[in-house]
Amino acid sequence: MKNLFAGLICLFFAGVLQAATVRNLYSVELLVPQQQPRPAQAQLSQGLKEVLIKVSGRSNVAVIPGLRAALSNPAVLLQQFSYQATQTPVSAGDGREVLGQRLKLDFDSVLVDQLLHDNNLQAIGHARPALMVWLVSQVANGERDYVAPEGRVYSQLATLASQRALPIDVPLLDLTDQQMLAVSDLWGFFRAPIEQASARYQPDAVLVGRLYQHNNGGWETRWLLLNGDKAVSFEPDGALSDQLEQVINQSADSVLGRLGSVSLSYIEEGMKLEISNIDGVDDYLKLLDYVRQLPPVENAVVHRIDTDRVTLRVKVQGGESALAQAVRLNPLMIATPRVAAAEDTGSILVYRWQE
């Protein structure tokens, strides 16, 4: 299944001229106050959420029921973790500051990809569309000018973009750029000269930022995203760092998010099937293949993952009796006493995995 998705993604990006390759999609680093025998639940949940966002290209993963369930039990997707001492101060949570530990979390790529697929999303791969960023600024009533690519704002944007696994390009701002794209054209968001100047870099999408600093030091920014034949404008608020984060997230959702969509419907349907005695990744994958290959099963998606059990939503042609008969003919799991569901959605069929 994973190889199939990877092949489709490669075919899709074969026509993308400026696609860039990003690394470490399934890993995150967190700055924490101390080493522990095992990372805390909150740290694992935060790490898994960041990985799901990077891999899927979508920032709203926590609102999707199946992914929200996985975030409540992230340890089953963790492959390994490690710590590295740093010289960066971090709050210890009790009013003290200590030198932080860099916690690296590596999640299982097969399980993460499968989890996304089970929730109507795709892992969009390491080849990503590149975003070209042009910036122009004005301080109070001063002159408007290009923002230097080596400046602080570009650096902040690059850091934020890396957290979304979104490659960004910056202009050289040499004589050619300045002749093709005047400051006034950037400030005015004039699309034709922006696209003509950007063509030199062959980007997949273009982001233009207009930054104005008031006398009191506050920043007001406006942005234009050119993504294919679509033009989207942003007017974020808050501190400058907050505005930059909003813009990168909105841009990444627009440029990357559409690539990871299989379906926009997250409506759960079918009977609930709870299977216990799931011992690790191999059992999990074998179980999914087994259930989906049962003749009456039309569809099966993951509803919840717990320490040693998985709950599926299964749509079965012929209902419960047809499912029971199919399992008897290929008994890799056995029925156990059924229980009432906590919510008003009928009963749960309970099985024990015995492969």
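Each reported figure results from applying straightforward, stated rules to the coordinates on display, with no laboratory input. Computed from a predicted structure; not experimentally measured. For neighbour counting, all protein chains shown are included, and Cβ atoms are generated from backbone atoms with ideal geometry for every residue, glycine included.
The figures follow:
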{"read-out": "Cβ-based net charge around Val22, under 11 Å, with every Lys or Arg adding one and every Asp or Glu removing one", "value": "+4"}
{"read-out": "Dipole of the chain, positive end: most advanced residue of Val147, Gly93, Leu111 [Cβ charges, Cα centre]", "value": "Leu111"}
{"read-out": "Rounded Å value of the spacing that divides the Cα centres of region 191-245 and region 300-321", "value": "45 Å"}
{"read-out": "Prolate/oblate/rounded label for region 271-353 (Cα gyration tensor, a/c 1.5)", "value": "rounded"}
{"read-out": "In range of the label at Arg68: residues from region 312-335 whose backbone nitrogen is under 19 Å from the point 7 Å along Cα→Cβ", "value": "312-314"}
{"read-out": "Residues Lys230 and Gln138, FRET efficiency given R0 of 45 Å [Cβ-Cβ distance, rounded to 0.05]", "value": "0.95"}
{"read-out": "Theoretical FRET efficiency, 1/(1+(r/R0)^6), r = Cβ-Cβ of Asp306 and Ser184, R0 56 Å, to 0.05", "value": "0.40"}
{"read-out": "Built amide H within the under 5 Å cut-off of Gln79, gap 5+", "value": "Asp106, Phe107, Asp108"}
{"read-out": "The chain - share of DSSP beta bridges that are antiparallel (%, nearest 5)", "value": "75 percent"}
{"read-out": "Among 91-99, 325-333, the order from most to least packed when residues are scored by Cβ within 10 Å on average", "value": "325-333, 91-99"}
{"read-out": "For region 129-260: rounded, prolate or oblate by the Cα gyration tensor [a/c cutoff 1.5]", "value": "oblate"}
{"read-out": "Rg in Å to one decimal, and Dmax rounded to a whole Å, for the chain via C-alpha atoms", "value": "24.4, 80"}
{"read-out": "Mean projected area in nm² (Cα convex hull; one quarter of hull surface) for region 2-127", "value": "9.1 nm²"}
{"read-out": "For region 113-188: rounded, prolate or oblate by the Cα gyration tensor [a/c cutoff 1.5]", "value": "prolate"}
